[in-house]
Structure formats: structure tokens, C-alpha cells
1. Quick check on the stretch 171-190. Is at least one of its residues outside any helix (DSSP H, G or I) and hydroxyl-bearing (Ser, Thr, Tyr)?
2. Give just the number: which of (1) aliphatic (A, V, I, L, M); (2) part of a loop (DSSP other than H, G, I, E, B); (3) in contact with an Asp or Glu (Cβ under 6 Å, 6 or more places away or on another chain) does ALA157 not satisfy?
3. Go over the candidates PRO114, PRO121, PRO99 one by one and state the one that is touching a strand residue (DSSP E or B) at 6+ places or on another chain (Cβ under 8 Å), in contact (Cβ under 8 Å) with a residue 24 or more places away in the chain, surrounded by fewer than 20 Cβ atoms within 10 Å (Cβ to Cβ) and not small (Gly, Ala, Ser).
4. For the stretch 129-143, which residues satisfy the criterion of being in contact with a Ser or Thr (Cβ under 6 Å, 6 or more places away or on another chain) and more than 12 Å from HIS113 (Cβ to Cβ)?
5. Of everything in the stretch 27-57 that's without any contact (Cβ under 8 Å) to a residue 24 or more places away in the chain and not β-branched (Val, Ile, Thr), which residue is nearest to GLY13 (Cα to Cα)?
6. Could you list, in sequence order, all residues of the stretch 126-154 that are in a helix (DSSP H, G or I) and surrounded by fewer than 14 Cβ atoms within 10 Å (Cβ to Cβ)?
Amino acid sequence: MVDKTPVAILISGRGSNMTSLIKACENPDFPARIVLVLSNRPDAPGLEKAQEAGVKTLCIDHKPFGKDRAAHEKAVDEAVRAAGAQYICLAGYMRVLTPYLVKRWENRMLNIHPSLLPKFPGLHTHEAAIKAGAREHGCTTHFVTDGVDEGPILAQAKVPIHPHDTPETLAARVLKEEHLLYPATLATVILAS
């Protein structure tokens with residue numbers, strides 16, 4: 001049995017990548033364990049999924065903090081550190097982070113993005129790839145930096161774009177790859193540290 005590094009996952013929604021990370025951690029040979037799932041939205045369906053999986057959950061709603069993003073991030077940082085996490089995985093965490101949190105977790109905060117970065121950063125990547133006439137699409141894991149979806153790329157997985165693809169059919173194929181790529185990347189990063 002391997003020594004498991006404590007990891008926190010930040011979510012805002014349904015938490016499908018969170019679920020793939022939790023499942024990966026159930027393997028005795030996987031080098032991580034999830035110590036906290038934290039959401040900025042009290043209604044995030046992923047919170048219930050994490051609870052059902054036996055993972056500690058917490059919501060730190062961003063709304064009471066108003067425009068003070070750093071104050072919200074300070075509360076998030078304190079909760080993650082209190083849980084003992086050594087890494088953070090963003091899994092559909094729909095907040096643009098300030099330098100406060102990014103610097104505190106430099107090279108220890110990972111994200112997964114549904115495109116082959118640097119192509120199509122931000123939102124609506126599947127629509128953008130189809131509209132651009134791209135032949136392939138996919139997902140990217142990267143370290144989080146101050147720029148949105150600009151951090152150092154860790155790994156990518158590619159899928160072809162078919163002539164009759166819709167954003168929904170493409171998204172479904174990419175999501176399958178995300179669920180494989182994210183746990184593999186997390187394991188690689190931990191084992192390399």
C-alpha cells in the first residue's frame with residue numbers, strides 16, 4: 001500500500017471530474033486521498049455526491065464576500081489547509097482566482113480544461129472548436145497560474161471532431177477523456193514531487 005498524499009477538490013457544479021478523482025483514490029495503489037471537497041455554491045450537486053462517497057465536504061459561498069475575492073480565497077485557503085491538503089484539484093470550479101490563492105498553491109494546484117490548450121481557453125470550448133473547423137479537440141491538465149487557462153501544461157488527451165458533431169456530442173467524448181486524464185495527471189504530479 002502506498003503513502004497517500006492528501007488532496008482537496010474545489011467544485012462549483014455537478015462534480016463529474018471530482019467523482020473520477022474520488023474513484024481513483026479508492027485504489028490502494030493510487031498515491032492520493034481526498035480530504036475535502038469544497039464548493040463556492042451551496043447548491044452544487046457534487047457536494048451530495050462527495051458526501052455519499054464518504055468524503056468531507058464544505059461550502060464557502062462566495063456571495064457574502066461580495067467583490068472581495070481575496071477574502072473569499074483566504075477562507076478557502078484556511079479550510080483547505082485545516083483539512084491537511086497538500087494539493088488542490090479544481091474540478092469545474094467556476095471562479096477566476098486571484099494571485100493570493102494562486103501564489104500560495106503554486107505548482108500544487110491543478111486544473112482540467114476541456115480543450116487542447118492553448119487553443120480555446122475560457123468557456124464554450126466545444127462550440128468554439130466546431131466553429132473554428134478544428135479536426136481534433138480534447139482536454140488539458142495544467143498547473144494553475146494567474147492567467148485563465150494559461151498555466152504550464154501537464155498532459156493532454158485528444159479526440160477527433162466528426163463532421164456531424166454537436167457541442168453536446170463532442171463534450172460527451174471529451175468528458176470521457178477528462179475522467180481518465182485527471183487522475184493519471186494527479187498521480188504523476190504527486191509521484192514526481
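1. Checking the stretch 171-190: not a single residue is outside any helix (DSSP H, G or I) and hydroxyl-bearing (Ser, Thr, Tyr).
2. With respect to (1) aliphatic (A, V, I, L, M); (2) part of a loop (DSSP other than H, G, I, E, B); (3) in contact with an Asp or Glu (Cβ under 6 Å, 6 or more places away or on another chain), ALA157 is out only on (2).
3. Exactly one residue qualifies, and that residue is PRO121.
4. none
5. The qualifying residue nearest to GLY13 (Cα to Cα) is ASP43.
6. Once the filter is applied, which keeps residues that are in a helix (DSSP H, G or I) and surrounded by fewer than 14 Cβ atoms within 10 Å (Cβ to Cβ), the stretch 126-154 yields only LYS131.
None of the figures in this text is laboratory data; all of them are computed from the coordinates on show. Because the structure is a prediction, the values reported are computed rather than measured. Here the Cβ is made from the backbone with ideal geometry for all residues, glycine too, and neighbour counts use every protein chain on show.
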